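All remarks here apply to the structure that follows.
The values are calculated or read from the model by the stated rules, or taken from the named source; none is laboratory data. Since the structure is predicted, the reported quantities are computational estimates derived from the model, not experimental observations. Note: ideal-geometry Cβ built from the backbone for every residue, glycine included; neighbour counts use all protein chains shown. Accessible surface is based on the protein model in full, side chains and every heavy atom, while ligands, DNA and RNA are left aside. Shrake-Rupley method; radii C 1.70, N 1.55, O 1.52, S 1.80 Å.
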Amino acid sequence: QLQASGGGLVQAGGSLRLSCAASGRTFSRYVMGWFRQGPGKEREFVATINWRGSSTYYQDSVKGRFTISRDNAKNTVYLQMNSLKSEDTAVYYCSADSRRTFPSTADYHYDYWGQGTQVTVSS
């Protein structure tokens with residue numbers, strides 16, 4: 001089970017940090033990802049991190065602004081979002097891939113999904 005939190009309303013240029021807490025003992029074996037779905041848009045890949053936390057991969061539009069990280073001792077993955085833009089407005093979902101496909105930008109590779117947290121960036 002995945003529980004995402006940390007969303008909210010922020011002005012353009014601001015920052016937010018999303019967290020995703022996972023239950024269970026096998027968190028450290030999963031590749032973790034963040035996706036988002038903006039208003040009237042399809043869900044899209046944002047970032048992914050391998051099971052050790054040693055490798056990351058990002059969508060081009062968030063490179064240099066977003067950072068994905070994980071703490072396996074806390075069963076938590078994070079998404080630090082800086083320099084936010086209005087186009088980052090979306091519901092953000094964390095996800096887990098038990099088959100450890102890395103890097104994967106395809107949502108069908110991910111087995112488990114959190115409930116989503118809303119991020120709204122005002123211009």
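Can we say residue 61 is open to solvent by 40 Å² or more (accessible area, probe 1.4 Å) and in a strand (DSSP E or B)? Judged against the criteria, residue 61 is not a match. What pairs can you find where one residue is in segment 19-48 and of a type in the set (Val, Ile, Thr), the other is in a strand (DSSP E or B), and their Cβ atoms are less than 6 Å apart, with a gap of 6+ or different chains? Close Cβ pairs (under 6 Å, with a partner that is in a strand (DSSP E or B)) amount to 31/97; 46/34; 46/35; 46/36; 48/33; 48/57. Taken together, 77, 10 contain a single residue that is of a type outside the set (Gly, Ala, Ser), without any contact (Cβ under 8 Å) to a residue 60 or more places away in the chain and open to solvent by less than 70 Å² (accessible area, probe 1.4 Å), which is 77. Looking only at residues in segment 13-39 that are at pLDDT below 95 and open to solvent by 60 Å² or more (accessible area, probe 1.4 Å), which one is farthest from residue 75 (Cα to Cα)? Filtering first and then ranking leaves 39. Scanning segment 1-38 for residues that are of a type in the set (Ser, Thr, Tyr) and not in a loop (DSSP other than H, G, I, E, B) turns up 5, 19, 28.
In summary, residue 101 fulfils each of the numbered conditions (1) among the β-branched types (Val, Ile, Thr); (2) open to solvent by less than 50 Å² (accessible area, probe 1.4 Å); (3) in a strand (DSSP E or B) with the single exception of condition (3). Looking at segment 66-88, is at least one residue aliphatic (A, V, I, L, M), outside any strand (DSSP E or B) and closer than 13 Å to residue 35 by Cα? No; the residues of segment 66-88 include none that is aliphatic (A, V, I, L, M), outside any strand (DSSP E or B) and closer than 13 Å to residue 35 by Cα.
The set of residues from segment 104-123 being of a type in the set (S, T, N, Q) and open to solvent by less than 10 Å² (accessible area, probe 1.4 Å) comprises just one member, 104. Residues that are over 18 Å from residue 99 (Cβ atoms) and surrounded by fewer than 21 Cβ atoms within 10 Å (Cβ to Cβ) within segment 40-52 comprise 40, 41, 42, 43, 44, listed in sequence order.
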